[in-house]
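This report concerns only the one structure given below.
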Amino acid sequence: MSESSQTNTSFRANKALGQHFLVSEKAIRTIAEAIPVGETAIEIGPGPGAITKSVLARVKHLTIIEKDDRFAHYWQEKTAEYANLSVCHGDVMEDLAEVVAQDKPQWIVGNLPYNISGPLTAALASFALSGGMVLMYQREVGQRITAEPGSKIYGGLSVLVRHFYEPKKLITLPPGAFNPPPKVHSMVIRLLPHGKIPKCEFNDLQKTVRQGFAHRRKTIFNQYRGQLTQDDFLGIGIDPKKRPEQLAYDDWVRITLLLVQKK
Ligand code: SAM
């Protein structure tokens, strides 16, 4: 048995914390090798360390953020063994911004707890990292993130991740790649910076997108009725009869800039 799968079986999974421990060596390799040697990273939810040990062997420095007391204590003790490891024992939804501001990591990696993956991705998408992110999702969420305009599953997250990044699917995994196995398939997504300077603020884009996708069946004009006129949309080259899922990232930026200008 490999070291990672031995570790995984010695801790009982806590379902409330979305714990499904990765046991697929191929997936572990794919995730770790997506992070260049000698860079700095944050890992969200290391658990017993399937990914952590492989990442620690590559990076200059790794900070882990873990909510589960058992794993946080386990990794705090491991700091004696790993000089390049720091531990944040906390909730990623509360502590991530501070850890990113302090560490200025090049990369963020994680087999994300599926129960918070939507709001967590919206938060992650706001950080412009020089390296990128390698993230494991429930397959359906991964498909939504990588979806192109025109697809029924294209939504707010598909737009937000494109503010700083180009998303790419790396691998799809069956439930058996985890212990205990989840009910769903999973997908590893890589976000690499596209390098273009965004024309609007992330927070403004997020507000626009939240409102714009609130009622998917409504036309884009109806989503902003009272704020933007039909002529406003035509003036920025958008047909006001279009539905939100038909608009590309650049369209959302133009709507955002107009809304900001009219405030
Ligand atoms: N990285 C391990 C692996 O791949 O086997 C565990 C992944 S498991 C899907 C998700 C991990 O995130 C667990 O370790 C869990 O305790 C942790 N977690 C869940 N919610 C969290 C939160 N709000 N903040 C920080 N960690 C959290």
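The values are calculated or read from the model by the stated rules, or taken from the named source; none is laboratory data. This is a predicted model, so every value here is computed, not measured. Note that each Cβ is placed from the backbone with ideal geometry, even for glycine, and that neighbours are counted across all protein chains shown. In case anyone asks, the SASA skips ligands and DNA or RNA and just uses the protein heavy atoms, side chains included. Shrake-Rupley method; radii C 1.70, N 1.55, O 1.52, S 1.80 Å.
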For this session: Over all alpha-carbon pairs of the chain, lay out the pair-distance distribution in 10 Å bins, whole %, shortest bin first.
Result: 7, 29, 32, 19, 10, 3, 0
Problem set entry | Debye, to nearest 20: dipole size of the chain, +1 on Lys, Arg Cβ, -1 on Asp, Glu Cβ | 1040
Exercise. In terms of Cα to Cα distance under 19 Å, which lysines are near enough to residue 78, apart from those fewer than 8 places away along the same chain?
Worked result: 53, 60, 67
Problem set entry | Distance histogram in 5 Å bins (all Cα pairs of the stretch 202-262, percent per bin) | 4, 21, 37, 29, 10, 0
Exercise. Can you give the angle from 0 to 90° between the axis of helix 69-78 and the longest principal axis of the chain, with both taken from C-alpha atoms, to the nearest 10?
Worked result: 60
For this session: May I ask you to evaluate 6.51 cos²θ - 1.76 cosθ + 1.60, the Karplus curve with θ = phi - 60°, for each residue of the stretch 224-240 and list the ³J(HN,Hα) values in order in whole Hz, giving x for glycine and proline?
Result: 10, 4, x, 10, 10, 8, 4, 5, 4, 5, 4, x, 9, x, 10, 5, x
Problem set entry | Per residue accessible area of the stretch 204-255, 1.4 Å probe, in Å² | 54
Exercise. Given 31, 117, 238, which one lies farthest toward the positive end of the charge dipole of the chain, if we put +1 on the Cβ of every Lys and Arg and -1 on the Cβ of every Asp and Glu?
Worked result: 238
For this session: Sort out for me the Cα centre separation of the stretch 193-263 from the stretch 61-96, rounded to whole Å.
Result: 39
For this session: Would you kindly derive the ³J(HN,Hα) couplings of the stretch 48-53 from the backbone phi angles with the Karplus curve 6.51 cos²θ - 1.76 cosθ + 1.60 (θ = phi - 60°), listing them in order in whole Hz, with x for Gly and Pro?
Result: x, x, 3, 8, 3, 5
Problem set entry | Within straight-line cross-link reach of residue 218, lysines at Cα separation under 24 Å, skipping those fewer than 8 residues along the same chain | 152, 207, 241, 242, 262, 263
Exercise. Helix 202-212 versus the longest principal axis of the chain: what angle, 0 to 90°, nearest 10, using Cα atoms?
Worked result: 60
